[in-house]
Amino acid sequence: MLAACGGAAAAQVYDPPVPAAVAARMNLTALGAQSGFDRFIVYYRDGSGNGAALPASVAASTAPAARTARLRALGGDLARVSAALGVKLAHVRGLATGGELVGVQGQRLPPAAAQRFMTQMLANPDVTYVEPDRRMTIKMVPNDTYWQYQWDYYETTAGMNLPAAWDIATGSGVAVAVLDTGITAHSDLAGQTVGGYDFISDVATARDGNGRDSNPNDEGDWFAANECGVSYSSNSSWHGSHVAGTIAALANNAKGIAGVAFGARVVPVRVLGKCGGMISDIADAIIWASGGSVSGVPANPNPAKVLNMSLGGGGACGVTFQSAINSARSRGTTVVVAAGNENQNASNSSPANCTGVIAVAALDRKGNRASYSNFGAAVDVAAPGGDTAASAYDGILSTLNAGTTTQSTENYVFYQGTSMATPHVAGLVALMLSRSPSLSPDQVESTLKANARAIPGICSGGCGAGLVDAGKTLAALGGGGGTPPPGNVFSSGTDVVIPDLGSASSSIAVSGRGGNAPSALKVYVRIVHSYRGDLQIDLVAPGGKSFRLKNASSTDSAANVDTTYTVSASTVTANGTWQLKVADKYSGDTGYIDLWSLTF
C-alpha cells in the first residue's frame, strides 16, 4: 500500500542484496512506501518472445492462448514460492494491463519479506516484472471547515485567466473521467455527469456490500483511528465530488460555483474508498475509462478523452501504472495527475513520475508554490491549489457533502492540495479538446506548456513550464469561429545543451499548413540558463531566412528565458524545418534549450 502524503525518497534494497539484473525486473522503490504488502502483480512473457519489462502489446499479452500458458506457469511458480517462503499464495485475477494479481493469504509481508517474494518469483526467467500492489490515496490537504470566491479563475496574480477562454470554448462534447472516491448527489452537478463505474474490488474498502459494480456512488472514505495504518481518524472527504465540481459544475445557474469546463461531462470512476485504493483497481479503471476492455466489466459507453487522477503515493511508477497509462494514451486520452503533497521531488511520487502524464503542481493565492506541493523535473505545469492556512478563502471552493461519514446534505467547501490544482488543468484540457478535438496527448501537453505564464511568485525546486493560462492557451488554438485545422501548435520539448561560448540548435518540422507563415508568428522559447544575458537567439525559417529574437547583453544578469516572441514571417514558407539557434557569447555560464514552439 502507498500513502499519498508519504513515500520513499529513493530506492531502498532490503537484505539480502538483489543483483542489478534482477532488481531491474522489480519495483524496489515501492517497498519503502508502506510497512506491509499482501498483494503483488506479476508479468510473464506474452508468448510472442517479448521479454521486456513493459509488455510490447496489451492485446498480445491478454490473448487467450498466451494467458492460458501464463496461468499454468503462474500456478507452478506460486506452489514453488509458497513452499520456499512458508506463506499461502493465491491467484486473484488478471489485469487489463496483462499482469496477474497474486494475494498473500492471512498476513502482510514486511518489506524484506516482500523483496524475497519478488526475488523468488523472478527465479523463473519467463517472469519479466514483479511489483507490490500498492494503495493510492487522495492527493488533498484537508481542512475542517460563489463566483466572487473563485479567485483561482480570474485573479491576475495566480488565477488561470479562465473568463477569456470561455469566449472560445466551454468543453462541450468532451468527457472527463474522474478516477477518485466516486460522486455524491449535488444540484450544481445535476446533469453534469454521465455513466461511470465502481472499480473497487475489495468489499471492506468499497463499503457498498459488494465488489465492482456499475454504481459510482461515493460511500464515504471515513475511518477510525488505527484502521488505515495511521493513529488518527478521518471523516469522509467526498473528494471526488470536489474534483468533479472544479471540472464541470454548472455555470450561469444563479447559484454555487462554475466549473472550468462547464460544458463538459464528468464520468465518475470510483477507485478510492476506505483507506484509499489499490493500483490493480486503478490500472483497470484507467484502461476502461479511456475506452479499453477490462475482463468482467461492460464496455464504457462514454470513453473519456481526459483522465483526472488526483491521487498518488510513493515509489517508482511501476509497470502496472505505466502500462495502463500507455494504453489510455494509445487511444488518444490525455492523463492529468497530481504532483503530490509531500513537499518533495515529484520524481518520488507516482503516478506523477510516470511517463506520458501531465503532472500538476499547486500554487497559493500569491502565486508561490504551495508549501505542501511537490516540485522538480517531473512537474509539467502548475495551477491554483490554494492555501487554507493563510485563510479559508484562499483555498479552492467546490461542490461537496456535509456528511461526516455517510452522505447528508449538499454544500460547498474550500479545500487545498495538488488534488485541487489537477482538475483545473483537466478542465482546461477539456476546453482545448472542445476547440480542437484532433489534438493528441503530446500536442495537448506542448500547447499547455507553450502558453503557460511565468510563476508569479517563488517556486523553489521547479514548477514545470509555469502557471497554466486558459485564455492564452485557447487563443493559441484559434479564437474566432470554427474549429482550426489540427497542428496549430508545433513544438519541441527535447532538451538541447548550450555549451559555454558555444552554440546549439533545435528543430521543428512543420507540415500541413500550406502557403506562407503568418505576419504575427508566435514563437515561445523557454531556456534554462544561469545568465541569460549571454544568449543570442535566432529563428531560422525553411529556406534559411533568419529572424533575430534576442541579442546578447552583458548587463542582463537574470536567469532563464521564458518569453513569447512575435515574428513577421509572412514572406517565408510555413511548411518545412524551422530552427531555433542559440549562441552563448560570454564565458562562465551554461544551460539548455528546454522547450520551444511555433503557433500558426
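Over 20 Å between Cα atoms: which of Lys449/Lys522; Lys255/Lys472; Lys550/Lys581; Lys545/Lys581 fall into that group?
Result: Lys255/Lys472 exceed 20 Å.
Hey, what number do you get for the chain at 222 nm if only DSSP H runs of n ≥ 4 count, each worth -39500 (n - 2.57), divided across all residues, to the nearest 500? Don't skip to the end; give the middle numbers.
Values: 13 runs with 122 residues, N = 600.
The helix contribution divided over the chain gives -6000 deg cm²/dmol.
Please report the spacing between the Cα centers of the range 68-141 and the range 184-248 in Å, no decimals.
A separation of 27 Å, based on Cα centres.
Give the aspartates and glutamates whose C-alpha is closer than 12 Å to that of Lys585, dropping any in the same chain fewer than 8 places away, or say none.
Once the sequence-local aspartates and glutamates are set aside, what remains near Lys585 is Asp500, Asp534.
Roughly speaking, what is the stretch gain from Val203 to Ser187, that is 0.36 nm per residue apart minus the C-alpha to C-alpha distance, in nm to one decimal?
Working: separation 16, 0.36 × 16 = 5.76 nm, distance 2.91 nm.
Once the chain is fully extended between Val203 and Ser187, it gains 2.9 nm.
Work out the FRET efficiency for Ala20 and Arg108 from their Cβ-Cβ distance, taking R0 = 30 Å, and round it to the nearest 0.05.
Numbers: r = 28 Å, r/R0 = 0.92.
With R0 = 30 Å, the Cβ-Cβ based efficiency is 0.60.
In whole Hz and in residue order, list the ³J(HN,Hα) couplings for the range 334-339 that follow from phi through the Karplus curve 6.51 cos²θ - 1.76 cosθ + 1.60, θ = phi - 60°; x for Gly and Pro.
8, 10, 10, 9, 6, 6
Please list the three semi-axes, largest first and in whole Å, of the ellipsoid equivalent to the range 180-337, using sqrt of 5 times the eigenvalues of its alpha carbon gyration tensor.
23, 21, 15
Calculated FRET efficiency, Thr564 and Ala254, Cβ-Cβ r, R0 41 Å, to nearest 0.05?
Calculated transfer efficiency: 0.60.
Sorted by packing (mean other beta-carbon atoms within 10 Å per residue), highest first, where do 28-39, 494-505, 464-475 land? It would help to have the intermediate numbers written out before the result.
Working: 28-39: 21.9, 494-505: 13.7, 464-475: 24.3.
Listed from highest to lowest mean packing, they are 464-475, 28-39, 494-505.
Return the sequence-ordered ³J(HN,Hα) values of the range 98-113 in whole Hz as given by the Karplus equation 6.51 cos²θ - 1.76 cosθ + 1.60 applied to θ = phi - 60°, using x for Gly and Pro.
x, x, 10, 8, 10, x, 9, 8, x, 7, 10, 7, x, x, 5, 5
Quick one: compute the contact order of the range 288-332, relative version, from alpha carbon pairs under 8 angstrom and 6+ residues apart, as a percent.
On the way: 30 pairs, mean separation 17.6, N = 45.
Taking the mean separation of contacting Cα pairs over the length of the range 288-332, I get 39 percent.
So, counting K/R as plus one and D/E as minus one, what does the shell of residues with Cβ under 14 Å around Gly220 add up to?
Charge balance in the 14 Å sphere: -4.
Ordered by packing density, taken as the mean number of other Cβ atoms within 10 Å over each peptide's residues, highest first, how do 249-257, 442-450 rank?
442-450, 249-257
Note down the magnitude of the dipole of the range 492-568 about its Cα centre, charges +1 on Lys and Arg C-beta and -1 on Asp and Glu C-beta and zero elsewhere, to the nearest 20 debye.
360 debye
What is the range 259-335 by shape, rounded, prolate or oblate, if you read a ≥ b ≥ c off the alpha carbon gyration tensor as root eigenvalues and call it rounded for a/c under 1.5, prolate for a/b larger than b/c, and oblate otherwise?
In terms of gyration-tensor shape, rounded.
In 10 Å bins starting at zero, report the fraction of Cα pairs in the chain per bin as a rounded %.
Computed distribution, short to long bins: 4, 17, 26, 25, 17, 9, 2, 0.
Mind ranking 279-289, 258-268, 184-194, 522-532 by how tightly packed they are, going by the mean number of other C-beta atoms within 10 angstrom, highest first?
Going by the mean number of other Cβ atoms within 10 Å, highest first, we get 279-289, 258-268, 522-532, 184-194.
Rounded, prolate or oblate: which fits the range 422-579 when a ≥ b ≥ c are the square roots of the eigenvalues of the alpha-carbon gyration tensor, with rounded for a/c under 1.5 and prolate only if a/b beats b/c? Display every interim value, and only then the final one.
On the way: a/c = 2.06, a/b = 1.16, b/c = 1.77.
Verdict is oblate for the range 422-579.
Please list, or write none, the aspartates and glutamates whose alpha carbon is within less than 15 Å of the alpha carbon of Lys274, excluding same-chain residues fewer than 8 places away.
List returned: Asp180, Asp198, Asp202, Asp208, Asp218, Glu219, Asp221, Glu227.
Averaging sequence separations of C-alpha pairs under 8 Å and six or more residues apart, then dividing by the length of the range 537-594, give the relative contact order as a whole percent.
Once divided by the residue count of the range 537-594, the mean separation gives 48 percent.
Tally the DSSP beta bridges in the chain and give the antiparallel ones as a percent, rounded to 5.
Within the chain, antiparallel bridges account for around 75 percent of the total.
Using only Cα atoms, locate the centre of the range 269-336 and the centre of the range 415-453, then give the distance between them in Å, rounded to an integer.
Taking the Cα centre of each part, the range 269-336 and the range 415-453 sit 18 Å apart.
Given R₀ = 51 Å, FRET efficiency for Thr404-Thr157 by Cβ-Cβ distance, to 0.05?
That pair, Thr404 with Thr157, gives E of 0.90.
For the range 546-557, take each phi angle, set θ = phi - 60°, evaluate the Karplus expression 6.51 cos²θ - 1.76 cosθ + 1.60, and give the result in whole Hz per residue in order, putting x for glycine and proline.
Values per residue, Gly and Pro as x: 10, 10, 6, 9, 8, 8, 6, 8, 6, 9, 9, 9 Hz.
Relative contact order of the range 186-235: what whole-number percent is it, with Cα pairs under 8 angstrom and at least 6 residues apart? Write out the running numbers ahead of the final one.
Numbers: 48 pairs, mean separation 12.1, N = 50.
Relative contact order comes out at 24 percent.
For the range 261-303, which whole percent of the accessible surface, found with a 1.4 angstrom probe, sits on carbon and sulfur atoms?
That share works out to 54 percent.
Give the long-range amide H neighbours of Lys550: residues separated by 5 or more places, or on another chain, with amide H under 5 Å away, using H modelled in the peptide plane at 1.01 Å from N.
Amide H neighbours of Lys550, under 5 Å, 5+ apart: Ile537.
For the range 491-548, just say rounded, prolate or oblate: build the C-alpha gyration tensor, square-root its eigenvalues into a ≥ b ≥ c, call rounded for a/c under 1.5, and beyond that prolate if a/b exceeds b/c, oblate if not.
Prolate is the answer for the range 491-548, as a/c is 1.5 or above and a/b outweighs b/c.
The values are calculated or read from the model by the stated rules, or taken from the named source; none is laboratory data. It should be emphasised that the depicted structure is a prediction, and the values quoted were computed from it without experimental measurement. Cβ atoms come from the backbone with ideal geometry, glycine included; neighbour counts cover every protein chain shown. Protein only, heavy atoms only, side chains kept; ligands, DNA and RNA dropped before computing areas. Shrake-Rupley method; radii C 1.70, N 1.55, O 1.52, S 1.80 Å.
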